[in-house]
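Engineer: Dropping a structure here in structure tokens format, bear with me for questions.
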Amino acid sequence: MSGCGCDAVQPGLMPVADALEQLLDHAIAVSETVEVSLHDALGRVLAEDQLSLVDVPPRDNSAMDGYAINVGGLAEGQRLTISQRIPAGTAPLPLEEDTAARIFTGSEIPEGANAVVMQENTTAGEDGDVAWVEINQLPELNGNIREQGQDVVSGQCVMPAGTRLQAAHLGVLASVGIARVKIYRPLKVAVLATGDELVMPGNELKPGQIYNSNLFTLQGLLRGMGFEIVDLGIVEDTLQGTVDALARAAEQADCIISTGGVSVGEEDHVKPAVEALGELNLWRMAIKPGKPMAYGNVKGVPFIGLPGNPAAVLVTFTILARPYLLKMQGASVLLPNIFKVKAGFTRAKKIGRQEYLRAELDNGLAVLGRSQSSGVLSSAVVAAGYLVVPPQTEVNEGDELEFVPFGEVIN
């Protein structure tokens, strides 16, 4: 255990589950709505239930290439004349008695047919100008037929309000004839970074300076969630400068997110600046990395203060800030799916905070590659997700632990 006591149980630190519960209790969803086309709906949250305009499929159709027949009275080995050909997208004629119709996947079943025999179970040929097919294996009644409304019935709710639209959702909406949807207005999130040591990429670094990676991490996460970003840039390390930046942010955004400056050092001005303009409701979480995370409001506008270390920004945003923002956006699903994996390593050291290790998966085992330091973001690039280690837990190889895939929290 390190001499600073950073990994010991520290009184006053709020457990992750309690912090998340309080954050979600405080989140108030936006009420304004706008209508957009499906082309612009990816990542947006539905503001009303979506009802199908049609049956899907709209008619009975063939599940494969083959021959539409009426199985009544037929025997295996029987030869039938082919009376019509039904490509997809064409309306068939009624099936003539004692004939077969050549049919293709997705084509409408003709009236009078009650099964489709797959072409692999037939032998086809011609006698002069007459095409025929021999049925080598009879299908069951209604075999290989996708019935009208099998997927969706007209008037059915295909998607409830609160659904955050992804690619498959858009496809389903299009399949039932919906071209435009009512969504909640996208959140405006103000982002600011504190620290005189920060420099934007493209500029030359001077002694003591570092590039502002947190801005790009946050912008990527927020854009991936479909939010509008108000970029307030880098704030000077003074109390007045921080107060002024937060006041500007409160005028322009639905939520404010800062990085850095939320600890208790002499140059950490975010906490007193927030308290000068509003209040802090939560401060200092039992999470690693990311202990100095804060939540409150600035002139009534929600404020989330993330740590300054890059990996801590990623963890605290995805685990705590993201569900809060999703609830503000009106989404119904807020938390990621969590899976169980086995640890592929042993670690005797017990940590006093709930830890989120950037882990790779190797044959189903969670392994640790690069450094887990809160200042090392590159480990997240090669990792598959977070391995969650509860407080005061010794890890032994083969132990089953919770695992949060990045695909559940970074999109």
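The values are calculated or read from the model by the stated rules, or taken from the named source; none is laboratory data. From a predicted model like this one, the values you see are computed outputs, not experimental measurements. Cβ sites come from the backbone with ideal geometry, for glycine too, and all protein chains shown count toward neighbours.
Engineer: On the basis of being in contact with a Phe, Trp or Tyr (Cβ under 9 Å, 6 or more places away or on another chain), surrounded by fewer than 23 Cβ atoms within 10 Å (Cβ to Cβ), part of a loop (DSSP other than H, G, I, E, B) and on the phi < 0 side of the Ramachandran plot, does L361 make the cut?
Structural biologist: Considered against the rule, which asks whether it is in contact with a Phe, Trp or Tyr (Cβ under 9 Å, 6 or more places away or on another chain), surrounded by fewer than 23 Cβ atoms within 10 Å (Cβ to Cβ), part of a loop (DSSP other than H, G, I, E, B) and on the phi < 0 side of the Ramachandran plot, L361 comes out as no.
Engineer: Out of curiosity, is L46 under 21 Å from the mean Cα position of the chain (by Cα) and either farther than 30 Å from A115 by Cβ or at pLDDT 95 or above (or both)?
Structural biologist: For L46, the condition - under 21 Å from the mean Cα position of the chain (by Cα) and either farther than 30 Å from A115 by Cβ or at pLDDT 95 or above (or both) - is met.
Engineer: Can you pull out the strands (runs of 3 or more DSSP E) entirely within segment 28-98 that have at least 1 residues that are of a type in the set (S, T, N, Q) and either at positive phi or free of Cβ contacts under 8 Å to residues at least 24 places away in the same chain (or both)?
Structural biologist: It comes to 79-86.
Engineer: Further, regarding this structure: Could you list, in sequence order, all residues of segment 166-197 that are out of contact with any helix residue (DSSP H, G or I) (no Cβ under 8 Å at 6 or more places or on another chain) and either among the hydrophobic types (A, V, I, L, M, F, W, C) or more than 28 Å from D231 (Cβ to Cβ) (or both)?
Structural biologist: A167, A168, H169, G171, V172, S175, V176, G177, K182, I183
Engineer: Something else about it: Filtering segment 2-26 down to residues that are aliphatic (A, V, I, L, M) and touching a strand residue (DSSP E or B) at 6+ places or on another chain (Cβ under 8 Å), which residue is modelled with the lowest pLDDT?
Structural biologist: Here the residue is L13.
Engineer: For the structure I just gave you, tell me whether L20 is touching a residue at least 12 places away in the same chain (Cβ under 8 Å), in contact with a Pro (Cβ under 8 Å, 6 or more places away or on another chain) and crowded, with 17+ Cβ neighbours inside 10 Å.
Structural biologist: Yes: the conditions hold for L20.
Engineer: Here is a further query. Can you report the number of residues in segment 187-219 which are within 12 Å of I234 (Cα to Cα) and of a type in the set (V, I, T)?
Structural biologist: Total meeting the criteria: 3.
Engineer: Then there is this: If you go through segment 290-313 one residue at a time, do you hit one that is touching a helix residue (DSSP H, G or I) at 6+ places or on another chain (Cβ under 6 Å) and in a helix (DSSP H, G or I)?
Structural biologist: Looking for residues that are touching a helix residue (DSSP H, G or I) at 6+ places or on another chain (Cβ under 6 Å) and in a helix (DSSP H, G or I), one finds at least one in segment 290-313, hence yes.
Engineer: Right, something else. Return the only residue of E126, E120 being part of a helix (DSSP H, G or I) and outside the structural domain of C255 (by TED's automatic domain parsing).
Structural biologist: So the residue among E126, E120 that is part of a helix (DSSP H, G or I) and outside the structural domain of C255 (by TED's automatic domain parsing) is E120.
Engineer: Identify the single condition in (1) part of a strand (DSSP E or B); (2) modelled with pLDDT under 95; (3) among the β-branched types (V, I, T) that I256 does not satisfy, given that it satisfies every other one.
Structural biologist: (2)
Engineer: Please verify whether L239 is aliphatic (A, V, I, L, M), outside the structural domain of T105 (by TED's automatic domain parsing) and farther than 26 Å from H39 by Cα, treating the condition exactly as stated.
Structural biologist: Yes, satisfied.
Engineer: Take the residues of segment 80-92 that are exposed (fewer than 13 other Cβ atoms within 10 Å of the Cβ) and of a type outside the set (V, I, T): which is nearest to W132 (Cα to Cα)?
Structural biologist: If we take residues in segment 80-92 being exposed (fewer than 13 other Cβ atoms within 10 Å of the Cβ) and of a type outside the set (V, I, T), then P87 is nearest to W132 (Cα to Cα).
Engineer: Same structure again: Is it the case, given these coordinates, that D244 is part of a strand (DSSP E or B) and modelled with pLDDT of 90 or more?
Structural biologist: So D244 does not fit the description; no.
Engineer: Could you identify the single residue in K206, K188, K182 that is more than 31 Å from the chain's Cα centre (by Cα) and at pLDDT 90 or above?
Structural biologist: K206
Engineer: What is the one condition in (1) part of a helix (DSSP H, G or I); (2) over 25 Å from the mean Cα position of the chain (by Cα) that A321 does not satisfy?
Structural biologist: (2)
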